[in-house]
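K.L.:
Dumping the structure here so I can ask a few things about it.
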Amino acid sequence: LADVEGDTLAAVLDAVWRHGVVCVEAQALDAAAMLRLAHRVGEPLTLPPCFFEGMRDPALPQVCRVGNLRPGAESAADTSTAPELLVRGMKFAEYWHHDGNFYAPPRNAVLNALHAKVVPDVGGATRFLDSTGALRAGAAPAGVFSLDELAALAHSTLTVSADCISDFA
């Protein structure tokens, strides 16, 4: 994906919009390559400073690291000579959550690109769910939402503050 463009990029994006998620194995992307990809897809967003504090390269603020290695470390081995690059006790997003955004249309069509450099022996599992597709298909567990509630949810909004999320507090 580092240099994909044209018809190939269009095919990848078509698959993302159709399926909600696309996994592309064996990628070797650094932060700069991820940002170049983001520019080819659309307008990269820069999250507020309270999100992923200390986990961004100041030269590439649109790319956020999720993990226990600060910018400058690509593996645990790098922290043996620079222990300050290891974040101890970090548990980013170790709970069910929905990546999303808070923008009004048309800026609300946001894509996330996740790139695992090192998957830990314990934890590190990521699963994906197209919650919008599931609701539209009526796949919510029986009795969770009535038809009236589903109709109301179609036009609802949710207000969230980063102050209420332990990762960002």
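The values are calculated or read from the model by the stated rules, or taken from the named source; none is laboratory data. Given the structure is predicted, the values throughout are model-derived calculations rather than measurements. So basically every Cβ, Gly included, is an ideal-geometry build from the backbone, and we count neighbours across all protein chains shown. When the accessible area is computed, the model is the full protein with side chains, heavy atoms only, and any ligands, DNA or RNA have been set aside. Shrake-Rupley method; radii C 1.70, N 1.55, O 1.52, S 1.80 Å.
K.L.:
Run the quick spin-label model on Leu60 and Leu13: label points 7 Å from Cα toward the beta carbon, then report their separation in nm to one decimal.
P.N.:
2.1 nm
K.L.:
In terms of modelled amide H atoms, which long-range or inter-chain residues lie less than 5 Å from the amide H of Leu69?
P.N.:
Amide H neighbours of Leu69: Val87.
K.L.:
Which value in nm describes the separation of the simple spin-label points at Leu114 and Asp3, placed 7 Å from the Cα toward the beta carbon?
P.N.:
Label at Leu114, label at Asp3, 2.9 nm between them.
K.L.:
Then there is this: Give me the 1.4 Å probe accessible area per residue for the stretch 1-81, excluding ligands and nucleic acids, in Å².
P.N.:
Value returned for the stretch 1-81: 64 Å² of accessible area per residue.
K.L.:
Round to the nearest 10 and report in Å² the accessible area of Cys50, as given by a 1.4 Å probe over the protein chains' heavy atoms.
P.N.:
Accessible area, nearest 10 Å²: 50 Å².
K.L.:
For the stretch 3-59, which whole-number percentage of the solvent-accessible area (1.4 Å probe, protein heavy atoms only) is attributable to carbon and sulfur atoms?
P.N.:
Numbers: 2200 of 3870 Å².
After summing per-atom areas, the C and S share lands at 57 percent.
K.L.:
Out of residues 5 or more away from Phe51 or on other chains, whose amide H comes under 5 Å of its own, with H placed 1.01 Å from N in the peptide plane?
P.N.:
Placed amide hydrogens put nothing under 5 Å from Phe51.
K.L.:
Here is a further query. Given the Cα-Cα distance of Asp130 and Ser75 and 0.36 nm per residue of separation, how much length would full extension add, in nm?
P.N.:
Numbers: separation 55, 0.36 × 55 = 19.80 nm, distance 3.11 nm.
Using 0.36 nm per residue and subtracting the Cα-Cα distance, I get 16.7 nm.
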